[in-house]
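Peer 1: What follows is a single structure, and I will ask about it in a moment.
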Amino acid sequence: MHMDLDTFFVSVERLLDSRLEGKPILLGGVSDRGVVASCSYEARAFGVNSGMSMKMARQLCPEGLVIRGNSSNYMKYSDMVTEIIKETFPLYEKSSIDEFYVDMTGMDRFFGCLKMASESRKRIIRETGLPISFGLSENKTVSKVATGEAKPNNQIKVDMGMEKAFLAPLSIKKIPMVGDKTYQLLRNLGVKHIRTLQQMPPDMMEKVLGKNGLAIWKKANGIDHTPVLPFHERKSISTERTFDRDTIDVVKLKGILTAMAENLAFQLRRGNKVCATVTVKLRYSDFNTYTMQAQIPYTSADHVLIPKVMELFERLYKRRLLVRLIGVRYSHLVSGSYQMNMFEDSEEQIKLYQAMDKIRLRFGDRSVMRASGVEVRSIGRSNPFNGDAPILLANRRE
């Protein structure tokens, strides 16, 4: 079974604000340089799709509501769905924040695969309020294509032996691995539907498209022996920002980095994680990109991570050119809580973190933050109907 949450980011935003129902939504970077991360079906009717530049999306859909989004909200709902799948199925693979594969081998003997899959889907809709679709077949490829055909908020089962017949009338673009370039190449050869690929000799496909040609031919014929890989927890967490206009304002850059470092530290604590590596990324206006990282004792504390991010930035930013993009990544994540330093940390400081995190969990990521990062709009959810009202936490020396 392949399960996919329908327009996941948009669906979460609508759960949080019912006034977004029925409206065309463009979710992603709000500047012209931004990219559409997700869009509603109402926006898709205007020709908008994920991965499109926000500038083009606005031109196609001028009435669309542009929302920046909030990764912590999406992670929260993704975790809720993951827990339901984890409780129900012994072997599952989380391939992205909103996409899952489940190995249901042998379950027909006890429950009936379709019945169990349907009940699982209904439970997810009931307990989370999110629309979700699934495809059920003998392998990953056919199930993923079936999910796409089932959307929005529906389900499809492809019976054993009917894989080729199910795929045949569909567009070649439905095949996983067929991107824009491959699609255009095949269209230039007169290939429009999967049926034509099924009839082509595999050696011809390999000659035209190389090794990928043979893989695409197999997928077109419903052949896929890829196993469902057990879920593994993420090993890093990161965020980055591309500016509307390249900047050389160091104060602004440091403020954004502070907000990024603080927000990611909160995400670590929220997920009961600590990190051992900090990385800072910098891209200049000439598109040259540089990164620098440092190993640190396992931590999730702001007063450890923020100074390390600032230190790496000071060492990295030497060219004094206009900056196009900056980013922060915490990696080598493991489960655990921050271990207090006996000589430097205080009980007051730890209680401060706990109080701030409680406020953020209840009122959102930007509800309490350091004053130096208050102007940063790329961290946290931006509501198109009302603005954020954060509590400012002044920077102070420890």
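Peer 1: Does region 213-225 hold any residues that are surrounded by fewer than 18 Cβ atoms within 10 Å (Cβ to Cβ) and assigned to a loop (DSSP other than H, G, I, E, B), and which are they?
Peer 2: I223, H225, listed by residue number.
Peer 1: Something else about it: Kindly list, by first and then second residue, each pair from a residue in region 288-311 that is farther than 20 Å from L325 by Cβ and assigned by TED's automatic domain parsing to the domain that holds V323 to a residue that is outside any helix (DSSP H, G or I) and of a type in the set (D, E), limited to pairs with Cβ atoms under 7 Å and residues at least 6 apart or on different chains.
Peer 2: H303/E398
Peer 1: Moving to a separate point now. Only residues in region 201-222 that are more than 15 Å from M177 (Cα to Cα) count as the first member; pair them with residues that are modelled with pLDDT of 90 or more and surrounded by fewer than 21 Cβ atoms within 10 Å (Cβ to Cβ), Cβ under 7 angstrom, at least 6 apart or cross-chain, and list the lot.
Peer 2: P202/L214
Peer 1: Going by the conditions given, is G336 under 26 Å from M75 (Cα atoms) and buried (at least 17 other Cβ atoms within 10 Å of the Cβ)?
Peer 2: Answer is no for this residue.
Peer 1: Residues being more than 26 Å from S95 (Cβ to Cβ) and either in a helix (DSSP H, G or I) or of a type in the set (S, T, Y) (or both): count how many of those fall in region 186-212.
Peer 2: 11
Peer 1: For region 206-262, enumerate the residues that are over 30 Å from H2 (Cβ atoms), of a type in the set (S, T, N, Q) and touching a Ser or Thr at 6+ places or on another chain (Cβ under 7 Å).
Peer 2: Of everything in region 206-262, just one residue is over 30 Å from H2 (Cβ atoms), of a type in the set (S, T, N, Q) and touching a Ser or Thr at 6+ places or on another chain (Cβ under 7 Å), namely T258.
Peer 1: In region 77-172, which helices (runs of 4 or more DSSP H) lie fully inside it and hold 2 or more residues that are of a type outside the set (D, E, K, R) and touching a Leu at 6+ places or on another chain (Cβ under 7 Å)?
Peer 2: Once the helices (runs of 4 or more DSSP H) in region 77-172 are filtered for at least 2 residues that are of a type outside the set (D, E, K, R) and touching a Leu at 6+ places or on another chain (Cβ under 7 Å), what remains is 113-128, 140-150.
Peer 1: I need a count of the residues in region 175-200 that are of a type in the set (D, E, K, R) and either more than 21 Å from M162 (Cα to Cα) or free of Cβ contacts under 8 Å to residues at least 12 places away in the same chain (or both). Talk me through it step by step, then tell me what you get.
Peer 2: In the first step, residues of region 175-200 are kept if they are of a type in the set (D, E, K, R); the result is 180-181, 187, 192, 195.
Add one more test, that the residue is either more than 21 Å from M162 (Cα to Cα) or free of Cβ contacts under 8 Å to residues at least 12 places away in the same chain (or both), and what stays is 180-181, 187.
Going through region 175-200 one residue at a time, the tally reaches 3.
Peer 1: Please pick out the residue among R319, R315 that is at negative phi, of a type in the set (K, R), out of contact with any Leu (no Cβ under 8 Å at 6 or more places or on another chain) and assigned to a loop (DSSP other than H, G, I, E, B).
Peer 2: From the options R319, R315, the qualifying one is R319.
Peer 1: For the structure I just gave you, tell me whether D32 is modelled with pLDDT under 95 and more than 21 Å from S238 (Cβ to Cβ).
Peer 2: yes
Peer 1: Test each condition in (1) at pLDDT 90 or above; (2) over 21 Å from S31 (Cβ atoms) for N272 and report the one that comes out false.
Peer 2: (1)
Peer 1: Looking at M56 and the list (1) in contact with a helix residue (DSSP H, G or I) (Cβ under 9 Å, 6 or more places away or on another chain); (2) of a type in the set (A, V, I, L, M, F, W, C); (3) outside any loop (DSSP other than H, G, I, E, B), which single condition is not satisfied?
Peer 2: Going through the list (1) in contact with a helix residue (DSSP H, G or I) (Cβ under 9 Å, 6 or more places away or on another chain); (2) of a type in the set (A, V, I, L, M, F, W, C); (3) outside any loop (DSSP other than H, G, I, E, B), M56 breaks only (1).
The values are calculated or read from the model by the stated rules, or taken from the named source; none is laboratory data. Just so we're clear, the structure is a prediction, and the values are computed from it rather than from any experiment. So basically every Cβ, Gly included, is an ideal-geometry build from the backbone, and we count neighbours across all protein chains shown.
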